[in-house]
Every structure is written in C-alpha cells, then in structure tokens.
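The values are calculated or read from the model by the stated rules, or taken from the named source; none is laboratory data. Every value quoted in this text rests on a predicted model; they were computed, and no experiment measured them. Using ideal geometry, Cβ is built from the backbone for each residue, glycine included, and neighbour counts are taken over all protein chains shown. SASA here: full protein model, heavy atoms, side chains in, ligands and nucleic acids out. Shrake-Rupley method; radii C 1.70, N 1.55, O 1.52, S 1.80 Å.
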Amino acid sequence: MTARTGTLAIRGRLLSFDADPAVEAEPHAVMFLEDGIVVVKDGVIVEIGEGPALARRLPPGVPLVDHRPHLVMAGFIDPHLHMPQTQVIASYGTELMAWLSKYTFPEELRYGDSGVAEEASRFLFDTLAANGTTTAAVYCTSHQISAEAFFHEADRRGLRMIAGKVMMDRGAPQGLLDTAESGYEQTKELAAAWHGRGRLEVAITPRFAPTSSEAQLEATGALAAEFPGLPIQTHLSENHGEIAFVADAFPWSKDYTDVYEHYGLVRPRALFGHCIHLSDRERTALASKGASAIFCPTSNLFLGSGLYDLAASRRLGLTTGIATDIGGGTSYSMLTTAAEGYKVLALKGQKWPAFEAFHMMTAGNAAAVGIADKVGRLAVGLEADLVVLDSRASEPMRRRMARVETLAEELFALMVLGDDRATVATYAMGRKIYDRYHAGHATLAPKLDQAPWPQPGEGGGSAQ
Ligand code: GUN
Ligand code: FE
C-alpha cells in the first residue's frame, strides 16, 4: 500500500520543469533553486521554497534531509519496458523478428511460473530504484500470473506503476498464446483486481499487430471502449520486416498505424513504442487522437531498428516520451538512455539540449503517459517521487564538471557520462527506496569534498 511518512523536508539543488523547454522560453519552463527545500506530508509535496528561509520556518521535530550539493528532481518515468526480459538484455546478433523468436519468446515461456515472475519483479524494482526511476509502464508476459506477481510486488513497495498482461494469440510458441476471449477476460480480471488499487494502473497490452489476430484486436478494441481511462501500450513501426509483415497480414490497411486506428486503439494514454518508420499521415493520425510515441534509443540502436525522428514528431504535434525498452534496450538508466537518444538525434542532424532531455525523462513522460497530475514535477500537490543525482559520481564526471559553467552544461555532462552511479537516493511518496551509501557501492563512499554539509541548527536533519 501507499507509503506514509508524516512530514519530511528534503533540501538540495531543486530542478523541475513546468513546461517543455522546446516550446516555452527557458525562464518559464525551468524551475531551479540552487538551495531549495521540498516539504513532504503523507507522501505528497506540500511546500517548495528557498532553503535558508524555509529551513528557519520548519516546525521543530520535522526531519530535514540535506542532499546538497546534489540535484533533487522528480523521479524518472520509464514509459516502455518488459519485466520478463531482464535476462534477454544483451543477447547477440539479431534484428527484431529473429530476436523475438530466438531469445525473447523462449525466455517469456518461463513466466507461467509465478515464482519466476516474482523474482524478476523484485529485481526490476530494485534496479529501477537504483537508477532513480520511480514509475514505469511495463509489459509482463501473456500469463495472467506474471502481471499478478508484478502488481503484488509494486503494491507492497508503494510504487506508482502501470502494467499489463500481454495479449498475443498467434505467431509465437503455443505456451505464450492466449485467445481473443481469454486475453479479454484476463485483462478485465486484472483491471478489476488492480486498476486504481494503491498507485497501480492496468494497461491494455496487445503485444503488436503481428502477434494478434483480427479477432483479438477486435476484443482489444472492445476492452478499450469499455475502459476509456485505461492506458494502452503496444509496439508500432519499429522494423522494416515487421512493417512488411503487418502490410501482408492486414491487406486492407492504409499503413501500420491504420490497423490500430481501425480497432479503436489510438487515443489519449495510448503509448506506441518505437514509431521509427512512420509516414507523416501516421504521425498526424497519432497526434490528432492524443496518443504518444515512445522513443527507445538503446533498443533501436542495439536491434538496428532505425533512428527516431523527433523533429518530424514535433512538426506534426505528436507527443514523444523516452524509454529504456528493457530488454531490447541495453540500459536501465534513463540518463544513459537519454545520452543514446542524443546520439540517435545527432545522426538525424537534430539537436537535443539537456533541459529538453531532462524534461522528457520527467514531466514530459508523465504527460505522455497521462499522469502529469500525479508525478513528474516538483510541485505542491504532486506525489513525492524523487531522485537525488550526483553530477560528480565518477572520476571522469568530476573531472569534466571542473570545466562546467552553467546548469545546462552540468546536466548535459550528467546525462552523457552518468548512470546508476549518479543516483544518491530515490524516494517513493517521500519514503526512501534507494540509498547509494547503503547499496553496496563500496567504491562510491562519500569523498571528502562531497562530505555531508554542515547543519547549522536548521532543523537538525541527517545528511546524505
Ligand atoms: N515488438 C513486439 N514485441 C517486442 C519486444 O518484446 N521488444 C521490442 N523491442 N519490440 C517488440
Ligand atoms: Fe518493447
């Protein structure tokens, strides 16, 4: 269940995004306090202000955790990853369709065992927390039990998570196939049991058009119509072989996106993974119906799928989120993911400033997923899911930071050079779920010049 913490104050260099810096001028988009405090009550942010003034006003007895000189931001949101692929990550030598049949489907067969799904869910949540990721949109397997195990563990930890049982009724080993009816019924049962419980949401999750019959896509569309508020997640236009397969299997369709449109799956809170090879017609269709494209750079590079076109999406008003896509993707770190995103866009001749990248990893992803009223920013009334980041987490980072003069430069170097080592602490509703100094990173004990800041009688908190 949701964690409750009473009242807590967290001090640090506060960074948050009130708008997309690609759209709004920087002073309106970026909220930065070099010394700020976030006050959390019962897991929710109740006040934000300048550190010195707010510290003096804190009622006696309120614990103050001083994270200076580290950055305090909203926790990262990862809007596309696969829980059963933690042991598929880094599998050699194939592109998408062969990768699925050679590595992914055989591995996912193991997840009919709830013990396997429980263990993987525990590993996944530990690893996400270590990377500062507090919310994810997650594919389980086609086994209902895999989603049950995931939700149980997420609920126990008080995490805001979105997940679904994959629906797939063709094109995979028998043990992974459901049917149009069973996929529909099981998703409905999951929604009844878990959607809205604690901080959980159930996503309607057809894997992708190649592994669903028309009957299943129709049943999926019926679910979508019955549950208009539920997130939807699937894959779209990742790979040329996949696109050719869809054109063949749905000969009546104008294009790949049209298949999902036809079944009523393109709408707000529908998350389309990859969207690499879209036409402008498809981008416009997704945008006009309020759906989001999810850019998965490490996966797209690793599987040789192609280069996402952010400029084209922006030109046509299509919202973009950024995600790891574990285990086609190769890193759990949203920092590393953004760094690879920057390189993908560089190959497209596009620029991606750090403010825009950090916005996308937090508030932008929250908006893409439809949870911007809950998480993604440091703002009064939002849930206190936070990450504390150390821009000097490794010797190469410390060395680089000596030449940094602006916050934008610092964030860019943090994103390009950082990874889980940069996570000092992660909070879910104000409760610490990860602490670097207690996580076995022996090499990352505090350095002398990073020692906890003195606490001259300001609420007497413990330093981290
Ligand atoms: N398309 C359908 N299933 C998958 C998957 O598991 N990973 C990726 N990257 N693409 C997919
Ligand atoms: Fe995926």
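Summary table below
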quantity	calculated
Checking LEU303 against (1) more than 16 Å from PRO79 (Cβ to Cβ); (2) away from ligand 2 (no atom under 15 Å from the Cβ), the condition it does not meet	(2)
Tally, over region 378-405, of residues that are in a loop (DSSP other than H, G, I, E, B) and more than 15 Å from VAL44 (Cβ to Cβ)	9
Hits in region 136-160 - residues which are of a type in the set (Lys, Arg) and outside any loop (DSSP other than H, G, I, E, B)	ARG156, ARG157
Qualifying residue in region 26-40 (condition: modelled with pLDDT under 95 and over 25 Å from the mean Cα position of the chain (by Cα))	yes
Selection from region 325-345 of residues that are open to solvent by 50 Å² or more (accessible area, probe 1.4 Å) and not polar (S, T, N, Q)	TYR342, LYS343
Candidates THR298, THR257 - the one that is within 16 Å of ligand 2 (Cβ to nearest atom), crowded, with 20+ Cβ neighbours inside 10 Å and of a type in the set (Ser, Thr, Tyr)	THR298
Considering residues of region 314-351 that are in contact (Cβ under 8 Å) with a residue 60 or more places away in the chain and more than 16 Å from ligand 1 (Cβ to nearest atom) only, the residue farthest from the chain's Cα centre (by Cα)	ARG314
Residue that is within 30 Å of LYS41 (Cβ to Cβ), away from ligand 2 (no atom under 16 Å from the Cβ) and modelled with pLDDT under 95, where the choices are GLY75, GLY61	GLY61
Filter pass, ALA244 being modelled with pLDDT of 95 or more, hydrophobic (A, V, I, L, M, F, W, C) and within 15 Å of ligand 2 (Cβ to nearest atom)	no
Residue within region 140-160 that is among the aliphatic types (A, V, I, L, M) and under 17 Å from the mean Cα position of the chain (by Cα) present	yes
Selection status of GLY264, buried (at least 20 other Cβ atoms within 10 Å of the Cβ) and closer than 20 Å to ALA137 by Cβ	no
Region 268-313: number of residues that are more than 13 Å from ligand 1 (Cβ to nearest atom), touching an Asp or Glu at 6+ places or on another chain (Cβ under 9 Å), without any contact (Cβ under 8 Å) to a residue 40 or more places away in the chain and not hydrophobic (A, V, I, L, M, F, W, C)	4
Strands (runs of 3 or more DSSP E) contained in region 268-377 and holding at least 3 residues hydrophobic (A, V, I, L, M, F, W, C)	270-274, 292-295
Residue in region 352-375 that is more than 13 Å from the chain's Cα centre (by Cα), within 15 Å of ligand 2 (Cβ to nearest atom) and either β-branched (Val, Ile, Thr) or open to solvent by 30 Å² or more (accessible area, probe 1.4 Å) (or both) present	no
Region 301-324, residues that are open to solvent by less than 10 Å² (accessible area, probe 1.4 Å) and closer than 15 Å to ASN239 by Cβ	LEU303, SER305, TYR308
